[in-house]
Amino acid sequence: MVRYGNFSATGEPQSLSEALGDANWRCAMDQEYMALQKNQTWHLVPPPPGKNIIDCKWVFRIKRKADGSIDRYKARLVAKGFKQRYGLDYEDTFSPVVKAATIRLVLAIAISRGWCLQQLDVQNAFLHGILEAEILCKLSFMIYVETLL
C-alpha cells in the first residue's frame, strides 16, 4: 500500500494520531466509544500486579457503497490478542466476528431451502455472555477520550 501524506492509498489512517486529525474519523471513534459505554462492555479496575494485561488498538475502515462511494467511516477498538501467554490465556479467542465456516453453512441451508438472501451491515453488535475468566485490557485509547473532554 502506497502512503500519501498522512493517509494510505485507501484513505484509512494508519495510526491514532492520523485519525485524530480528521473529523470523520473522530466521529467514528466517538460512535464506537459511546456504543462500548452504552453496552457496559467493561468495568474500570486498577491493574493487579502479576496479571497479563492485553493492549487495545484502533482499527479504521472505510465502508463503501456498491458504486464505490463512501458509505461511512468505521472505527473499531480491538484487543491485541497476540499479547496472550501460552498456558495462561493463549488458547482463548477474543473475536466478535463470525467464522467463514458459519457463513458457508448458513448460505448452504438458505440455498437448499430456496430462501431469499439479503445483506445488511450492523454497526455495533455485542454478545452478552458470562465470561468464565477475567480478561484485563489496557485503556490505551485514553488519549482519545481525553481529547473529547
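No value in this document is a laboratory result; all are computed from the given coordinates. Small disclaimer: the values here were computed from a predicted structure and weren't measured. Neighbour counts are summed over all protein chains in view; Cβ atoms, including those assigned to glycine, are modelled from backbone coordinates with ideal geometry.
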Fill in: Filtered residues of the stretch 27-42 (kept if exposed (fewer than 13 other Cβ atoms within 10 Å of the Cβ) and within 10 Å of residue 76 (Cβ to Cβ))
none
Discussion item. When the residues of the stretch 47-69 are narrowed to those that are in contact (Cβ under 8 Å) with a residue 40 or more places away in the chain and out of contact with any Leu (no Cβ under 8 Å at 6 or more places or on another chain), which ends up nearest to residue 26 (Cα to Cα)?
Written reply: 60
